[in-house]
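The values are calculated or read from the model by the stated rules, or taken from the named source; none is laboratory data. Quantities reported herein were computed from a predicted structural model and do not represent experimental measurements. Ideal geometry is used to build each Cβ from the backbone, glycine not excepted, and the neighbour counts take in all protein chains shown.
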Amino acid sequence: MRRILLIVAMLLFVAPAMAVVTVTATQQAASVGCDQVVISYICDANEEVRAFALDINVSSGLIIEDITGFQTGTGAHYGIFPGKFRDFIDPADPNWSDPNYNPVAPDADPDSGNGLGSTYIAIEMGALYTAGNEPPASGNLCTLIVKASTLPASGTLTMYTNDLRGGVVDADAKAIVPPALVLTGTAIVFPDCYPCYTGYTVGYGNWYSVGKPSCWCGSNTSPAWPYQCDGDADNTTGGGFSKYRVYTADATLLSNNWKAKNTTPGWNPCADFDHLPGGGFSKYRVYTGDATVLSNNWLKKDTDLAADCPRVD
(Lines give C-alpha, C1' and ligand atoms only; values in the text may rest on other atoms or scores of the structure.)
Protein backbone atom coordinates (compact mmCIF):
# COMPACT_ATOMS: atom_id res chain seq x y z
CA MET A 1 0.00 0.00 0.00
CA ARG A 2 2.79 2.44 0.89
CA ARG A 3 4.37 1.72 -2.49
CA ILE A 4 1.14 2.54 -4.35
CA LEU A 5 0.73 5.78 -2.41
CA LEU A 6 4.30 6.75 -3.30
CA ILE A 7 3.62 6.20 -7.02
CA VAL A 8 0.41 8.24 -6.83
CA ALA A 9 2.27 11.05 -5.06
CA MET A 10 4.94 11.09 -7.75
CA LEU A 11 2.34 11.29 -10.53
CA LEU A 12 0.81 14.37 -8.91
CA PHE A 13 4.04 16.24 -9.63
CA VAL A 14 4.13 15.30 -13.34
CA ALA A 15 2.91 18.25 -15.42
CA PRO A 16 0.27 17.42 -18.02
CA ALA A 17 1.34 17.57 -21.66
CA MET A 18 0.79 21.06 -23.03
CA ALA A 19 -0.67 21.48 -26.49
CA VAL A 20 1.54 23.70 -28.61
CA VAL A 21 0.68 25.56 -31.82
CA THR A 22 3.73 26.35 -33.93
CA VAL A 23 3.62 28.78 -36.84
CA THR A 24 6.70 28.67 -39.05
CA ALA A 25 8.02 30.71 -41.96
CA THR A 26 10.21 28.81 -44.44
CA GLN A 27 12.04 30.27 -47.43
CA GLN A 28 11.87 27.95 -50.42
CA ALA A 29 14.83 26.69 -52.43
CA ALA A 30 16.05 28.38 -55.61
CA SER A 31 14.69 25.48 -57.68
CA VAL A 32 11.19 26.41 -56.50
CA GLY A 33 11.63 30.17 -56.30
CA CYS A 34 13.61 31.65 -53.41
CA ASP A 35 11.20 34.58 -53.12
CA GLN A 36 8.52 32.22 -51.82
CA VAL A 37 8.19 32.07 -48.03
CA VAL A 38 5.65 29.51 -46.86
CA ILE A 39 3.75 30.20 -43.63
CA SER A 40 2.73 26.87 -42.11
CA TYR A 41 1.27 25.66 -38.81
CA ILE A 42 1.33 22.53 -36.64
CA CYS A 43 -1.08 21.89 -33.78
CA ASP A 44 0.27 19.35 -31.28
CA ALA A 45 -1.93 17.24 -28.99
CA ASN A 46 -5.05 17.91 -31.09
CA GLU A 47 -5.17 21.61 -30.30
CA GLU A 48 -7.74 23.21 -32.59
CA VAL A 49 -7.19 26.71 -33.96
CA ARG A 50 -10.14 28.79 -35.07
CA ALA A 51 -8.24 31.80 -36.43
CA PHE A 52 -4.79 33.29 -37.02
CA ALA A 53 -4.09 37.03 -36.85
CA LEU A 54 -0.40 37.76 -37.37
CA ASP A 55 1.86 40.73 -37.93
CA ILE A 56 4.62 39.86 -40.39
CA ASN A 57 7.72 42.02 -40.77
CA VAL A 58 10.77 41.86 -43.01
CA SER A 59 13.94 43.82 -42.45
CA SER A 60 15.04 46.86 -44.43
CA GLY A 61 15.98 46.13 -48.02
CA LEU A 62 13.29 43.45 -48.36
CA ILE A 63 9.70 43.88 -49.55
CA ILE A 64 6.61 41.69 -49.07
CA GLU A 65 5.41 41.94 -52.65
CA ASP A 66 2.47 39.54 -52.80
CA ILE A 67 0.56 36.77 -51.03
CA THR A 68 -0.50 33.49 -52.65
CA GLY A 69 -1.15 29.86 -51.76
CA PHE A 70 -4.17 30.47 -49.52
CA GLN A 71 -7.58 28.83 -49.67
CA THR A 72 -10.83 30.76 -49.61
CA GLY A 73 -14.38 30.14 -48.45
CA THR A 74 -15.87 27.94 -45.77
CA GLY A 75 -14.82 24.40 -44.93
CA ALA A 76 -11.84 22.59 -43.49
CA HIS A 77 -9.34 25.41 -44.05
CA TYR A 78 -8.66 29.00 -43.06
CA GLY A 79 -10.51 30.79 -45.85
CA ILE A 80 -12.39 33.57 -44.02
CA PHE A 81 -10.53 36.91 -43.99
CA PRO A 82 -12.73 39.24 -41.91
CA GLY A 83 -11.71 42.64 -43.26
CA LYS A 84 -11.67 41.59 -46.90
CA PHE A 85 -14.85 39.54 -46.37
CA ARG A 86 -16.60 42.72 -45.20
CA ASP A 87 -15.32 44.70 -48.18
CA PHE A 88 -15.56 42.25 -51.06
CA ILE A 89 -17.81 39.27 -50.27
CA ASP A 90 -21.60 39.20 -50.54
CA PRO A 91 -22.72 36.59 -47.95
CA ALA A 92 -25.84 35.85 -50.01
CA ASP A 93 -23.82 35.15 -53.16
CA PRO A 94 -20.13 34.92 -52.30
CA ASN A 95 -17.56 35.18 -55.07
CA TRP A 96 -14.57 33.49 -53.46
CA SER A 97 -12.45 34.02 -56.56
CA ASP A 98 -12.56 37.82 -56.30
CA PRO A 99 -8.88 38.87 -56.75
CA ASN A 100 -9.30 41.49 -54.03
CA TYR A 101 -10.15 38.80 -51.48
CA ASN A 102 -6.95 37.79 -49.68
CA PRO A 103 -5.72 37.45 -46.07
CA VAL A 104 -3.95 40.85 -45.90
CA ALA A 105 -5.84 43.16 -43.55
CA PRO A 106 -7.31 46.23 -45.32
CA ASP A 107 -5.03 49.26 -45.20
CA ALA A 108 -7.71 51.49 -43.68
CA ASP A 109 -8.38 49.17 -40.74
CA PRO A 110 -6.62 49.74 -37.39
CA ASP A 111 -3.30 47.99 -36.81
CA SER A 112 -3.31 46.63 -40.36
CA GLY A 113 0.32 47.18 -41.32
CA ASN A 114 1.35 48.96 -44.49
CA GLY A 115 -0.01 46.50 -47.04
CA LEU A 116 1.63 44.61 -49.85
CA GLY A 117 4.68 46.32 -51.30
CA SER A 118 5.96 47.21 -47.83
CA THR A 119 8.01 45.65 -45.04
CA TYR A 120 5.04 45.07 -42.73
CA ILE A 121 1.66 43.43 -43.25
CA ALA A 122 -1.05 42.00 -41.02
CA ILE A 123 -2.85 38.83 -42.06
CA GLU A 124 -6.15 37.54 -40.69
CA MET A 125 -7.38 34.04 -41.47
CA GLY A 126 -10.31 32.24 -39.84
CA ALA A 127 -12.10 28.95 -40.34
CA LEU A 128 -15.87 28.56 -40.66
CA TYR A 129 -16.93 24.93 -40.80
CA THR A 130 -19.48 22.39 -39.68
CA ALA A 131 -18.77 20.01 -36.80
CA GLY A 132 -16.39 17.25 -37.78
CA ASN A 133 -15.06 19.24 -40.73
CA GLU A 134 -12.46 21.29 -38.86
CA PRO A 135 -9.11 22.17 -40.48
CA PRO A 136 -6.33 19.58 -40.24
CA ALA A 137 -3.83 19.67 -37.40
CA SER A 138 -1.11 20.91 -39.75
CA GLY A 139 -0.85 22.61 -43.09
CA ASN A 140 0.12 25.74 -45.01
CA LEU A 141 -1.67 29.01 -44.41
CA CYS A 142 -0.24 31.04 -47.30
CA THR A 143 2.88 31.88 -49.26
CA LEU A 144 4.48 35.31 -49.15
CA ILE A 145 6.43 36.64 -52.12
CA VAL A 146 9.43 38.46 -50.62
CA LYS A 147 11.94 40.28 -52.79
CA ALA A 148 14.93 42.56 -52.34
CA SER A 149 15.57 46.04 -53.68
CA THR A 150 19.06 44.96 -54.81
CA LEU A 151 20.91 41.66 -55.11
CA PRO A 152 22.60 39.96 -53.39
CA ALA A 153 20.70 40.58 -50.17
CA SER A 154 19.88 39.12 -46.80
CA GLY A 155 17.55 39.91 -43.92
CA THR A 156 14.99 38.42 -41.59
CA LEU A 157 11.28 37.73 -41.48
CA THR A 158 9.61 37.86 -38.06
CA MET A 159 6.06 37.15 -36.91
CA TYR A 160 4.05 38.43 -33.95
CA THR A 161 0.47 38.01 -32.85
CA ASN A 162 -1.83 40.81 -33.89
CA ASP A 163 -3.51 41.22 -30.53
CA LEU A 164 -6.12 43.72 -31.72
CA ARG A 165 -7.52 40.91 -33.86
CA GLY A 166 -7.15 38.28 -31.15
CA GLY A 167 -3.86 36.75 -32.21
CA VAL A 168 -4.09 32.97 -32.55
CA VAL A 169 -7.47 31.82 -31.23
CA ASP A 170 -8.60 28.32 -30.26
CA ALA A 171 -11.97 26.66 -30.84
CA ASP A 172 -13.32 28.20 -27.62
CA ALA A 173 -12.43 31.73 -28.83
CA LYS A 174 -9.56 31.98 -26.35
CA ALA A 175 -6.22 33.42 -27.35
CA ILE A 176 -3.37 30.91 -27.44
CA VAL A 177 -0.31 32.56 -25.91
CA PRO A 178 3.31 31.51 -25.26
CA PRO A 179 4.53 28.96 -24.35
CA ALA A 180 1.54 27.23 -25.95
CA LEU A 181 2.16 29.34 -29.07
CA VAL A 182 5.49 29.40 -30.91
CA LEU A 183 6.08 31.76 -33.83
CA THR A 184 9.23 30.95 -35.78
CA GLY A 185 10.51 33.41 -38.37
CA THR A 186 13.34 32.83 -40.79
CA ALA A 187 16.47 34.31 -42.30
CA ILE A 188 15.85 35.51 -45.84
CA VAL A 189 18.91 35.09 -48.05
CA PHE A 190 19.31 35.99 -51.72
CA PRO A 191 23.01 35.16 -52.01
CA ASP A 192 23.62 35.77 -55.70
CA CYS A 193 23.49 38.54 -58.28
CA TYR A 194 21.28 36.44 -60.57
CA PRO A 195 17.70 36.33 -59.26
CA CYS A 196 16.51 33.01 -57.89
CA TYR A 197 12.99 34.43 -57.80
CA THR A 198 9.90 32.66 -59.11
CA GLY A 199 10.01 32.93 -62.90
CA TYR A 200 13.81 32.88 -63.05
CA THR A 201 14.37 29.37 -61.75
CA VAL A 202 15.30 27.78 -65.10
CA GLY A 203 17.66 30.64 -65.88
CA TYR A 204 19.13 30.43 -62.40
CA GLY A 205 19.87 26.74 -62.89
CA ASN A 206 21.58 27.43 -66.22
CA TRP A 207 23.51 30.35 -64.72
CA TYR A 208 24.69 28.13 -61.88
CA SER A 209 25.71 25.34 -64.29
CA VAL A 210 28.05 27.59 -66.29
CA GLY A 211 29.88 28.93 -63.25
CA LYS A 212 27.68 31.88 -62.20
CA PRO A 213 29.10 34.51 -64.60
CA SER A 214 28.43 38.06 -63.44
CA CYS A 215 27.73 39.21 -67.03
CA TRP A 216 24.36 37.40 -66.90
CA CYS A 217 23.25 39.34 -63.83
CA GLY A 218 22.13 42.53 -65.54
CA SER A 219 21.78 45.45 -63.16
CA ASN A 220 22.58 43.26 -60.14
CA THR A 221 26.33 43.45 -60.61
CA SER A 222 29.02 46.11 -60.79
CA PRO A 223 29.48 47.28 -63.43
CA ALA A 224 25.87 46.80 -64.52
CA TRP A 225 25.38 44.61 -67.61
CA PRO A 226 21.72 45.04 -68.62
CA TYR A 227 22.07 44.21 -72.36
CA GLN A 228 23.94 40.87 -72.32
CA CYS A 229 20.85 38.80 -73.12
CA ASP A 230 20.33 41.01 -76.20
CA GLY A 231 23.74 40.19 -77.71
CA ASP A 232 26.06 42.52 -75.80
CA ALA A 233 28.99 40.20 -75.09
CA ASP A 234 31.54 42.85 -74.12
CA ASN A 235 29.42 45.38 -72.17
CA THR A 236 30.55 48.24 -74.41
CA THR A 237 29.20 50.13 -77.41
CA GLY A 238 30.91 50.18 -80.81
CA GLY A 239 30.88 52.01 -84.09
CA GLY A 240 32.32 55.27 -82.83
CA PHE A 241 29.77 58.03 -82.47
CA SER A 242 27.03 55.60 -83.54
CA LYS A 243 27.37 53.81 -80.18
CA TYR A 244 25.89 50.52 -81.31
CA ARG A 245 25.21 48.28 -78.31
CA VAL A 246 25.42 45.12 -80.46
CA TYR A 247 28.29 45.34 -82.93
CA THR A 248 31.44 43.75 -84.29
CA ALA A 249 33.17 43.05 -80.96
CA ASP A 250 30.13 41.06 -79.86
CA ALA A 251 30.11 39.14 -83.14
CA THR A 252 33.81 38.36 -82.67
CA LEU A 253 33.23 36.98 -79.19
CA LEU A 254 30.36 34.88 -80.53
CA SER A 255 32.60 33.54 -83.29
CA ASN A 256 35.49 32.82 -80.93
CA ASN A 257 33.23 30.78 -78.66
CA TRP A 258 31.17 29.02 -81.33
CA LYS A 259 30.12 25.52 -80.28
CA ALA A 260 31.71 25.97 -76.85
CA LYS A 261 30.49 23.61 -74.13
CA ASN A 262 30.67 23.80 -70.36
CA THR A 263 33.77 21.62 -70.61
CA THR A 264 35.54 23.82 -73.20
CA PRO A 265 38.60 25.39 -71.53
CA GLY A 266 38.53 29.16 -71.36
CA TRP A 267 35.18 29.65 -73.10
CA ASN A 268 33.41 32.94 -72.43
CA PRO A 269 29.86 32.54 -71.06
CA CYS A 270 29.14 36.21 -71.90
CA ALA A 271 28.72 35.02 -75.51
CA ASP A 272 25.84 32.75 -74.40
CA PHE A 273 23.06 35.25 -75.05
CA ASP A 274 20.02 32.98 -74.76
CA HIS A 275 21.34 31.28 -71.60
CA LEU A 276 20.42 27.88 -73.01
CA PRO A 277 22.34 24.88 -74.37
CA GLY A 278 21.80 24.15 -78.08
CA GLY A 279 22.54 21.48 -80.63
CA GLY A 280 20.53 18.70 -79.00
CA PHE A 281 22.71 16.19 -77.21
CA SER A 282 25.80 18.25 -78.08
CA LYS A 283 24.68 20.91 -75.57
CA TYR A 284 26.66 23.73 -77.12
CA ARG A 285 26.53 26.81 -74.88
CA VAL A 286 27.17 29.13 -77.85
CA TYR A 287 25.17 28.10 -80.89
CA THR A 288 22.41 29.09 -83.29
CA GLY A 289 20.09 30.50 -80.63
CA ASP A 290 22.78 32.95 -79.61
CA ALA A 291 23.50 33.86 -83.24
CA THR A 292 19.79 34.60 -83.69
CA VAL A 293 19.80 36.94 -80.68
CA LEU A 294 22.80 38.82 -82.01
CA SER A 295 21.31 39.02 -85.52
CA ASN A 296 17.95 40.30 -84.27
CA ASN A 297 19.64 43.11 -82.33
CA TRP A 298 22.45 43.95 -84.75
CA LEU A 299 23.29 47.67 -84.82
CA LYS A 300 20.78 48.45 -82.10
CA LYS A 301 21.54 51.20 -79.61
CA ASP A 302 20.71 51.53 -75.93
CA THR A 303 17.57 53.45 -76.80
CA ASP A 304 16.38 50.49 -78.90
CA LEU A 305 16.71 47.93 -76.11
CA ALA A 306 14.85 47.35 -72.87
CA ALA A 307 17.93 47.10 -70.61
CA ASP A 308 16.14 44.48 -68.50
CA CYS A 309 18.50 41.49 -68.56
CA PRO A 310 18.11 38.90 -67.20
CA ARG A 311 14.53 38.17 -68.16
CA VAL A 312 12.08 35.67 -66.74
CA ASP A 313 12.20 32.15 -68.10
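Points to keep in mind about this one:
- Verdict on residue 151 being modelled with pLDDT of 95 or more, in a loop (DSSP other than H, G, I, E, B) and not acidic (Asp, Glu): yes
- Where residue 85 falls short, out of the listed (1) assigned to a helix (DSSP H, G or I); (2) more than 24 Å from residue 164 (Cα to Cα): (2)
- Criterion applied to 209, 222 was being more than 30 Å from residue 23 (Cα to Cα), out of contact with any Leu (no Cβ under 9 Å at 6 or more places or on another chain) and without any contact (Cβ under 8 Å) to a residue 12 or more places away in the chain, and the one residue passing it is 222.
- Filtered residues of region 178-225 (kept if of a type in the set (Phe, Trp, Tyr) and more than 22 Å from residue 24 (Cα to Cα)): 194, 200, 204, 207, 208, 216, 225
- In region 107-147, the residues that are surrounded by 18 or more Cβ atoms within 10 Å (Cβ to Cβ), assigned to a loop (DSSP other than H, G, I, E, B) and either outside the structural domain of residue 81 (by TED's automatic domain parsing) or not hydroxyl-bearing (Ser, Thr, Tyr) (or both): 127, 135
- Failed condition for residue 101, given (1) under 17 Å from residue 73 (Cα atoms); (2) in a strand (DSSP E or B); (3) touching a Ser or Thr at 6+ places or on another chain (Cβ under 8 Å): (2)
- Those residues of region 129-150 which are small (Gly, Ala, Ser) and without any contact (Cβ under 8 Å) to a residue 12 or more places away in the chain, in sequence order: 131, 132
- Residue match in region 155-168 (condition: part of a loop (DSSP other than H, G, I, E, B) and without any contact (Cβ under 8 Å) to a residue 12 or more places away in the chain): no
- Residue under evaluation residue 143, criteria (1) modelled with pLDDT under 95; (2) touching a Ser or Thr at 6+ places or on another chain (Cβ under 7 Å), criterion not met: (1)
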